[in-house]
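Colleague: The structure is given below, and queries will be raised subsequently.
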Amino acid sequence: MIERIEAALAGASSNVKLMENALTGLEGSYVELLTILALGLLAVIPIVVPQHRRQVYRHLNQVFGICVFVFVVFTCLGVFGMIRNFHRGLNEIGRENVIALYYCSVPVTVLVTSMIFGPMFCGWICPTGALQEFSGMLLRGWHRARKRARYPFSWLMLGTTMAVAGVFLLWMKRLADTRTFFVEDASIYWSEVLILILFLLVWRMGAWDRRLRRLRVVSLAIILIAAVAQLKVTSPVHFGFSKVYDPASILATVMVVLAALVVPNVWCRYLCPWREAIAWAARHSVRHLETDPDKCTRCGTCNDVCNVDAIDRGRVEPRECHMCMKCVDACPTEAISIHDRWPHKEQSAERAGS
Amino acid sequence: MSGRRAALVLLTAVWACAPVPADPGTWPSLRDGSDANATCTWPGPDPAPDIREWHFTHKGGRRYKMGLAVWASPALAIVQGRPMAFIGGYGQTLHALDLAAKERIWFKITNGEIGTAPAVGRADGRQVVYWGSADRWVYAHDAATGRRVWSRELVAPSPTMAAAQVSSPLLHEGTMYIACFVHDRALARNKQVARLYALDMATGEVRWSRVVSNGPVSSPVGRDLDNRFHLWIAARKGLLQCFDVSGERPVRRWTYQIAHEVFGSPAVEPDGDEPLLFLGSKFGNLNAINARTGQRVWNRMAGNWIDNTACLAAVDGERVVFVGSHDYKVYAFRARDGKELWSRPLGGEVYSAPCFFRESAGPAIAVSALDDHLYVLDARTGEIRTSYFTGRPIWDKVPKGETLWGSPVAFQAGDQTAVVHGSFNDTVYVLPLEGEVSLRAQARSSAELWWGLLVVLGLFLGVVLPVVLWWPGPARGQGAVRE
């Protein structure tokens, strides 16, 4: 049975890149640049979509993001892959200039769009975030009830976490028996830590939620050090972006999706290093959310709909916000709105005021 | 027949059947001999020069095409007392590398990619390197100096012809056998044909050629049977053919249709009257076929494709066939009956052909896998002795099963062994198995893996978590908010 599942996974993994094969068959066409084009387009879509159907368009954008980055074109959108590819792009300058441009421009595009439009990459594009969000939708009502009750202990959560841990351990047993591991197969450790966090959250989510988010800094530091020191650390959610059938990375990806059933966007909240980098880039973004305190009734609707608990009774925490705009769309009094703050306009306003 | 005469006949027969020690100055086919051991042994008695770790990179100006054979398999030979490797690849260039001096002695640029290993033979008293290129030409250059001996165009060009797929040469007694597949895309000239050529090793003159398939074909392997030289070649479409090439024209002895695609070349037992031939297929089965009659003797399944060539060697008096599969495993089967002696899962698809050699610790094989590692395994048990990180592919994605990337070969001198491998990260590695090697990567056992998980558990709960929870300063979401 397990072998059949493995064979099916291997078969599926070898077929998911059919589109890519067709595109790369066009010799000399530099289809890799489609990634940049797709990334740019996906970043612009949030600005142009009509407000009344925004969440539908957002989910379409996410599905499109999954299709583009997992099924069609090359690239790793994980922070480690981006840093590694950036370094590789620098080495290609002078020989493969288009490839060099491509490798260097993927992280630059993500960070620059975050600097301008805010962390829309997280809420509108990121395939890992999208997979978690779709997974979390299955238990949306339960999540909201727990949130309103300030995350009490729950037997259901404990049972689900133990089931996720069981899947992890059984899968690990199978992998340990059937393949060779090296130090660089780090995705299993990310999965392990994710499960440990789930166990902590079963009892202490209400108290430790905010403090545990500091782990993102730790994971960013680990990955930056590994990339600079050229340590061979596999990106935690490497599977989707890789054509190599890598069971450890598949395990890590499945764990992220399963864990998101228990706690919505758990990977983004506590471990995603890229989330930390994007939050840093988006600190002074032009586009941001603002709350009008006169309109806000403290009804808590925005808090209910937020997947990452970045908002509390109208107070938006920019370092946690994914710019999904669910709070904007859900607010019954339209107290939360999107604002573009261009520096030259502010200076003009200041001059006019003075 | 008198007793003395009978003894003489018996002695002659034994001598004739005994394996002839391989000439270290030659590399007659894709993987050296018909058994595909792919190992060159220093002849002695002079001590061999010290082989040290070397990473050779040749950066050409060519754009990468996904999945291309970055480096083909190398050929090794002792040339004027120097251990040398000859290797070509997508850079269209054949390089002659002195493994002891760690320098490139000469190189020759062709007009096409070099997809398979060269061969080294002797012609007119000198050592000559022969190879084919996708430009439809075969080249013969002096192994020591790189001076051109001859070159020959195998197929006339046409404006619509795709790059040719030229096999590794097979050298035997003054004749070079080589296969070439060309595909002309024009409707008017539409042709897909693979021909087998016999060329004079000294002059390059074509003695004969014959169509062997209408699709790509493997590299030929050959050996003597009944004092006549026989050659085996497999078409991608699964047709295995045996030719007697001792006469003026080749005579096809038998054919065997494998039901699935075949990428690798056959491996044939180098001795015995009823030698077995081994060939894997895309169905994942290893076929053992009587090389004399073309009858299937046994067939064993792996879990996934067997893309590359098998390797044969005697281990503890028993002939064993080693083969890698895309199911991550290396298999060792007893040659005579196909009994599985061991199988060893590695970290990725085993895409390379194994090479066999004898270390001080016992017989060993080296294989490369798609987890970017090269492994050295104990040939008796399959235990991993050591492994090396040989770099990630130069392209982001790996189109599996469409290309035969380079396979490792070994150079041996006494207790000293070095593996030479052209990796798909654009570097040719020369890795001595003894002493310190910078690329050594320690594969972990199952127990070590669980210990690793425990260590991470301890580090997380004992160090990271307390620091994160009790680090002074506002927690996330408790700082200033924009309102």
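The values are calculated or read from the model by the stated rules, or taken from the named source; none is laboratory data. Since we're looking at a predicted model, the values are computed, not measured. Reconstructed Cβ throughout: ideal geometry from the backbone, glycine too, with neighbour counts over all protein chains shown.
Colleague: Of all the residues that make up the range A:210-222, how many are more than 8 Å from chain B (Cβ to nearest Cβ) and surrounded by fewer than 19 Cβ atoms within 10 Å (Cβ to Cβ)?
Modeller: Summing the residues that are more than 8 Å from chain B (Cβ to nearest Cβ) and surrounded by fewer than 19 Cβ atoms within 10 Å (Cβ to Cβ) in the range A:210-222 gives 3.
Colleague: Still on this structure, please answer the following. Pull up the range A:293-334, narrow it to residues that are within 9 Å of another protein chain (Cβ to nearest Cβ) and of a type in the set (D, E, K, R), then point me to the one that is farthest from A:ARG211 (Cα to Cα).
Modeller: Here the answer is A:ARG315.
Colleague: Then there's this: Go through the range A:166-189 and report how many residues are surrounded by fewer than 18 Cβ atoms within 10 Å (Cβ to Cβ) and assigned to a helix (DSSP H, G or I).
Modeller: 8
Colleague: Which of the residues that make up the range B:439-470 are at pLDDT below 85 and either over 23 Å from A:TYR189 (Cβ atoms) or not in a strand (DSSP E or B) (or both)?
Modeller: B:ALA441, B:GLN442, B:ALA443, B:SER445, B:SER446, B:ALA447, B:GLU448, B:LEU449
Colleague: Could you list, in sequence order, all residues of the range B:420-440 that are within 12 Å of chain A (Cβ to nearest Cβ) and aliphatic (A, V, I, L, M)?
Modeller: B:LEU439
Colleague: Here's another thing I want to ask about it. Which members of the range B:418-438 meet the condition of being of a type outside the set (D, E, K, R), surrounded by 17 or more Cβ atoms within 10 Å (Cβ to Cβ) and not in a strand (DSSP E or B)?
Modeller: Across the range B:418-438, the qualifying residues are B:SER423, B:PHE424, B:ASN425, B:LEU433, B:VAL437.
Colleague: Across the range B:45-57, what is the total count of residues that are surrounded by 19 or more Cβ atoms within 10 Å (Cβ to Cβ) and either within 14 Å of another protein chain (Cβ to nearest Cβ) or assigned to a strand (DSSP E or B) (or both)?
Modeller: Count: 2.
Colleague: Would you confirm whether or not the range B:397-410 contains a residue that is surrounded by fewer than 24 Cβ atoms within 10 Å (Cβ to Cβ), away from chain A (no Cβ under 11 Å), over 30 Å from B:GLU261 (Cα atoms) and among the aliphatic types (A, V, I, L, M)?
Modeller: So far as the range B:397-410 goes, no, none of its residues is surrounded by fewer than 24 Cβ atoms within 10 Å (Cβ to Cβ), away from chain A (no Cβ under 11 Å), over 30 Å from B:GLU261 (Cα atoms) and among the aliphatic types (A, V, I, L, M).
Colleague: Would you mind telling me which numbered condition in (1) of a type in the set (A, V, I, L, M, F, W, C); (2) in a loop (DSSP other than H, G, I, E, B); (3) over 25 Å from the mean Cα position of the chain (by Cα) B:ALA163 fails?
Modeller: Here B:ALA163 clears every test but (3).
Colleague: Right, next: For the range A:245-267, check the following and say yes or no: at least one residue is out of contact with any helix residue (DSSP H, G or I) (no Cβ under 8 Å at 6 or more places or on another chain) and within 13 Å of chain B (Cβ to nearest Cβ).
Modeller: Looking for residues that are out of contact with any helix residue (DSSP H, G or I) (no Cβ under 8 Å at 6 or more places or on another chain) and within 13 Å of chain B (Cβ to nearest Cβ), one finds none in the range A:245-267, hence no.
Colleague: Related question: From (1) touching a Cys at 6+ places or on another chain (Cβ under 7 Å); (2) within 24 Å of B:GLN92 (Cβ to Cβ), pick out the condition that doesn't hold for B:TRP232.
Modeller: All conditions pass for B:TRP232, except number (2).
One line per residue, one yes/no per condition, for (1) among the hydroxyl-bearing types (Ser, Thr, Tyr); (2) within 24 Å of B:HIS172 (Cα to Cα):
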position: B:GLU205; (1), (2): no, yes
position: B:SER213; (1), (2): yes, yes
position: B:ALA234; (1), (2): no, yes
position: B:SER281; (1), (2): yes, no
position: B:ASN285; (1), (2): no, no
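Colleague: Could we say that B:GLU113 is free of Cβ contacts under 8 Å to residues at least 12 places away in the same chain and within 30 Å of A:ALA100 (Cβ to Cβ) here?
Modeller: No.
Colleague: Same structure again: Do any strands (runs of 3 or more DSSP E) lying entirely in the range B:355-408 carry at least 1 residues that are small (Gly, Ala, Ser) and at pLDDT below 95, and which ones are they?
Modeller: In the range B:355-408, the matching strands (runs of 3 or more DSSP E) lie at B:362-369, B:384-389.
Colleague: Those residues that are within 24 Å of the chain's Cα centre (by Cα) and not hydroxyl-bearing (Ser, Thr, Tyr), I need them from the range B:246-259; list them, please.
Modeller: Those that are within 24 Å of the chain's Cα centre (by Cα) and not hydroxyl-bearing (Ser, Thr, Tyr): B:GLN257, B:ILE258, B:ALA259.
Colleague: All but one of (1) more than 20 Å from the chain's Cα centre (by Cα); (2) within 14 Å of chain B (Cβ to nearest Cβ) hold for A:VAL167, so report the exception by its number.
Modeller: Failed condition: (2).
Colleague: On the given criteria, is B:ALA443 farther than 30 Å from B:GLY60 by Cα, of a type in the set (A, V, I, L, M, F, W, C) and at the interface with chain A (Cβ under 10 Å from one of its Cβ atoms)?
Modeller: Answer is yes for this residue.
Colleague: Hey, B:GLN127 hits all of (1) on the phi > 0 side of the Ramachandran plot; (2) modelled with pLDDT of 95 or more but one; which does it fall short on?
Modeller: Evaluating B:GLN127 over (1) on the phi > 0 side of the Ramachandran plot; (2) modelled with pLDDT of 95 or more leaves (1) as the failure.
Colleague: Please enumerate the residues belonging to the range B:195-238 that are without any contact (Cβ under 8 Å) to a residue 24 or more places away in the chain and within 23 Å of the chain's Cα centre (by Cα).
Modeller: The one that is without any contact (Cβ under 8 Å) to a residue 24 or more places away in the chain and within 23 Å of the chain's Cα centre (by Cα): B:ASP224.
Colleague: So which of B:GLY280, B:GLY284, B:GLY238 is within 14 Å of chain A (Cβ to nearest Cβ) and surrounded by 18 or more Cβ atoms within 10 Å (Cβ to Cβ)?
Modeller: B:GLY284
Colleague: If I go through the range B:352-387 residue by residue, how many of them are within 11 Å of another protein chain (Cβ to nearest Cβ) and of a type outside the set (A, V, I, L, M)?
Modeller: Residues in the range B:352-387 being within 11 Å of another protein chain (Cβ to nearest Cβ) and of a type outside the set (A, V, I, L, M): 5 in total.
Colleague: Report yes if B:ILE109 is within 23 Å of B:PRO220 (Cα to Cα) and of a type in the set (A, V, I, L, M, F, W, C), otherwise no.
Modeller: Here the answer is no, as B:ILE109 does not meet what is asked.
Colleague: Also, I was wondering about something else. Would you confirm whether any residue within the range A:190-198 is within 8 Å of another protein chain (Cβ to nearest Cβ), farther than 24 Å from A:TRP280 by Cα and at pLDDT 95 or above?
Modeller: Checking the range A:190-198: at least one residue is within 8 Å of another protein chain (Cβ to nearest Cβ), farther than 24 Å from A:TRP280 by Cα and at pLDDT 95 or above.
Colleague: Given the residues A:VAL108, A:VAL98, A:VAL112, which is the only one that is within 14 Å of chain B (Cβ to nearest Cβ), of a type in the set (A, V, I, L, M) and surrounded by fewer than 22 Cβ atoms within 10 Å (Cβ to Cβ)?
Modeller: A:VAL98 is the lone residue from the list that is within 14 Å of chain B (Cβ to nearest Cβ), of a type in the set (A, V, I, L, M) and surrounded by fewer than 22 Cβ atoms within 10 Å (Cβ to Cβ).
Colleague: So, B:TYR130, is that one within 15 Å of B:ASN111 (Cβ to Cβ) and part of a strand (DSSP E or B) or not?
Modeller: no
Colleague: Does B:ASN290 count as touching an Asp or Glu at 6+ places or on another chain (Cβ under 7 Å) and within 14 Å of another protein chain (Cβ to nearest Cβ)?
Modeller: No.
Colleague: Here's something else I'd like to know. Sort out which residues of the range B:80-107 are assigned to a loop (DSSP other than H, G, I, E, B) and aliphatic (A, V, I, L, M), and write them in order of number.
Modeller: Once the filter is applied, which keeps residues that are assigned to a loop (DSSP other than H, G, I, E, B) and aliphatic (A, V, I, L, M), the range B:80-107 yields B:LEU99, B:ALA100, B:ALA101.
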